[in-house]
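Single-structure report; data block below.
Every number here is computed from the coordinates shown, using simple stated rules; none is lab data. Bear in mind that the values here come from a model prediction, so they are computed numbers and not experimental data. So basically every Cβ, Gly included, is an ideal-geometry build from the backbone, and we count neighbours across all protein chains shown.
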Amino acid sequence: MRFAHLSDSHLGHRQYGLLERENDFYDVFARNIDKIIEKDVDFVIHSGDLFDNNRPSTEALVAFQKALLRLNEAKIPIYAIAGNHDTILRKGAMPPQVLFRDIGLKLISPDRPYYQEGAVLICGLPYVANSQKSVLIDRYNQLSRLAEKSIKSILVSHQGIQKYMPDETAEIELSDLPKNFDYYAMGHIHNYIEEDYGKGKLVYPGSMEIWRTNESNDNYRQFGKGFCVVDLSYDTPQVERVAIDLPREFYSEIIDYDKFHERLYRIKEEISELDNKPMLDLTVVGGDFDSAELYEIIQDAIGKDVLNLRPSFKPEKILKQEIELGKNKILDPRSLVYKQAKEKYGKDEFGRLSIDLLDNLSVNKIDEAKHFSDVFYKEHYYDDEANNDLNSDNVSSSSSSFSSSSGSNSASSISSDSLSDLNHNDDNDDNDENNSNNLDEYFNRNLEESSKKDVEKGSNMKKTKEISLDNF
Ligand SMILES: [Mn+2]
């Protein structure tokens, strides 16, 4: 029994507002599907963030439709969950994946939490937000009980695990995952991660393209971008990494001013060999120079040969300032609000709620933020009876819109709760990416002002959007 595991394809992402980059994402997705068909696997699992946002463009929908039809033709079923990017948080709201259910997509959702594929149980759930951690853990445990009865089992989940995340705002610890699955088909983290866990393997295949500039460094150089082919016929699953070439190179370089001219010349030579214009991020550090002048030199030398040029400059005096600012500079806003809320109210839950509020308010999602506060309030301050009312209310709304005509296999104990309402989506689909330097700079200057004024008013000023905050 062999299957392909992929994740975080982010169809529809138009990096830096460039149509070429949007097409790159479609192109690489199609080539991943080609390769999967060539590998002749028994089925496919997609672990979320199929689309870059919860209202995908027609182009993005068609890109997936094409892939699905080709998999159908090859008689390879595909299972999927929704990630934080492609779900909608509202009672009864449907993720775009629902569109494809009738043409073969096997959507794993609260209404249909598991499927049986031969001897393999495939179960899972869509992304669950930070403040709903207890719900997530309950759900994992329910699914774990199903797995106990199965010969082979796969858990599909789109969450961040603390151990692999750079900040302190992941939803779960590694040990929160039940230990009795054979394979943990994870999504959300864009790096490639493969590890033994319990009796099986835990894998993040990573994103399929470089979605954020810093992904060009991470471990992309070592493992590439792509998917995994997993063979379940061994005691411990065998995982084969399949890297798929990206449509264009992505350079992200830090150059000492001393070596600037030499290195620029080398880059010019390198990129002249490439078939497609690369993306280029250059940071020049140290020394005493005029940034505008240097910018012109770079632009003249290679401006025409790259698709996108993003230079930044840190001459000696700026470097000095950064050292003086010290540690605060590397604190990201999510970690900061998390820490402050946790300290102030003495409980982890408050920290988690504050992250959800920040994520949503910073992109003007007032309704969603309100939803989180409501759920949180009801969970923590209502008595049990009121809580039950809340749950039964959610049952009717989620099953009326979500249940599929053929959803016969779902376990009623699992499907009858409110997870569909707890989906969370950053929807950070603005075209302009922030690199961390800009973010830090901005953060140091404006956090206090903007968080007081803009967030309280509930208006999404452009500035708050600039500090919008999803990592993945
Ligand atoms: Mn993602």
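Extension gain, Thr58-Lys304: 0.36 nm per intervening residue step, less the Cα-Cα distance, totals 85.4 nm.
Ranking of Asp275, Asp27 by neighbouring Cβ atoms within 10 Å, starting from the fewest: Asp275, Asp27. In this label model, Asn217 and Tyr164 are separated by 2.0 nm, measuring between points 7 Å along each Cα→Cβ vector.
When the Cα gyration tensor is reduced to axis lengths a ≥ b ≥ c, the ratio a/c is 1.5 or higher for segment 229-372, and with a/b not above b/c it is classed as oblate. Each peptide among 347-360, 213-226 gets the average number of other Cβ atoms lying within 10 Å of its residues, and from highest to lowest they stand as 347-360, 213-226.
If R0 is 41 Å, the Cβ-Cβ spacing of Asp256 and Met1 corresponds to a FRET efficiency of close to 0.20. What are the GluC sites (Glu not before Pro) within segment 242-319 that DSSP puts in a loop, where the Cβ has at most 10 other Cβ atoms within 10 Å? Passing sites in segment 242-319 are Glu273. Sorting Arg139, Arg55 by the number of Cβ atoms found within 10 Å of their own Cβ, with the fewest placed first, yields Arg55, Arg139. Please label the shape of segment 133-238 as rounded, prolate or oblate, based on the square roots a ≥ b ≥ c of the eigenvalues of the alpha-carbon gyration tensor (a/c under 1.5 means rounded; beyond that, a/b larger than b/c means prolate, else oblate). Oblate is the answer for segment 133-238, as a/c is 1.5 or above yet b/c matches or exceeds a/b.
Taking θ as phi - 60° and the Karplus parameters 6.51, -1.76 and 1.60, the scalar couplings of segment 93-110 work out to 6, 10, x, x, 4, 4, 3, 9, 5, 6, 10, x, 6, 9, 7, 8, 9, x Hz in sequence order, x denoting glycine and proline.
Ranking Leu105, Ile36, Gly12 by Cα position along the charge dipole of segment 11-108, where only Lys, Arg, Asp and Glu carry charges on their C-beta atoms, puts Leu105 farthest toward the positive end.
From the square roots a ≥ b ≥ c of the eigenvalues of the alpha-carbon gyration tensor of segment 2-243, which class results: rounded (a/c under 1.5), prolate (a/b over b/c), or oblate? Cα axes put segment 2-243 in the rounded bin.
Net charge in the neighbourhood of Leu232 (other residues with Cβ under 13 Å of its Cβ; Lys, Arg +1, Asp, Glu -1) is -2.
Checked against a 30 Å cut-off, the cross-linked pairs Lys201/Lys370; Lys277/Lys365; Lys39/Lys106; Lys39/Lys304; Lys259/Lys320 give Cα-Cα distances beyond that limit for Lys201/Lys370; Lys277/Lys365; Lys39/Lys304. Placing a label point 7 Å from the Cα of Ser272 along the Cα-to-Cβ direction, none of the residues of segment 215-257 has a backbone N under 15 Å of that point.
Close amide H pairs (under 5 Å, H built 1.01 Å from N) link Thr283 with Glu253, Ile254, Ile255, Ser312, residues at least 5 positions away or on another chain. Residues whose amide H falls under 5 Å from that of Val44, counting only those 5 or more places apart or on a different chain, are Ala4, Ile78, Tyr79, with hydrogens built in the peptide plane.
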